Amino acid sequence: MSVQIDRYFGVTSAGSTVARELRAGVTTFLTMSYVLFVNPLVLGNAIAIPNAFAKLLVVTALAAALGTFAVFTRALRVEQTFQARA
């Protein structure tokens with residue numbers, strides 16, 4: 001299975017390994033899970049609004065999604081630029 005993943009995503013040609021990419025993915029997932037629940041708790045202590053945790057959780061998730069989308073679109077543009085030069 002590792003060979004299929006490597007072949008599909010070109011992990012080795014990008015200078016990485018499947019194991020390293022899996023560790024990076026798990027680390028990112030755990031970090032974002034932590035942020036999604038800690039950020040509303042911290043901000044909820046500073047902002048007095050009803051049902052603060054739920055509202056701040058949604059806003060944190062939306063901000064993370066927007067940031068992810070922005071980075072993804074930028075990465076696509078950079079990749080297209082490199083492919084055009086090749």
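Checking each residue in region 1-36 for being free of Cβ contacts under 8 Å to residues at least 24 places away in the same chain and closer than 25 Å to Thr60 by Cβ picks out Arg23, Ala24, Gly25, Val26, Thr27, Thr28, Phe29, Leu30, Thr31, Ser33, Tyr34.
Within region 42-76, the set of residues being of a type in the set (S, T, N, Q) and in contact with a Pro (Cβ under 7 Å, 6 or more places away or on another chain) comprises Thr60 only. Within region 55-86, being of a type in the set (S, T, N, Q) and in contact with a helix residue (DSSP H, G or I) (Cβ under 8 Å, 6 or more places away or on another chain) holds for one residue alone: Thr60. Within the set Leu62, Leu36, the sole residue that is farther than 28 Å from Gly10 by Cα and at pLDDT 95 or above turns out to be Leu62. Scanning region 15-30 for residues that are among the β-branched types (Val, Ile, Thr) and at pLDDT below 95, which turns out surrounded by the most Cβ atoms within 10 Å (Cβ to Cβ)? Per the criteria, the residue is Val18. Taking the chain and the helices (runs of 4 or more DSSP H) fully enclosed by it, the elements with 2 or more residues that are within 18 Å of the chain's Cα centre (by Cα) and aliphatic (A, V, I, L, M) are at 18-46, 52-85.
The values are calculated or read from the model by the stated rules, or taken from the named source; none is laboratory data. In this text the structure is predicted, and so the values were computed from the model without any measurement. Backbone-built Cβ (ideal geometry, glycine too); neighbour counts: all protein chains shown.
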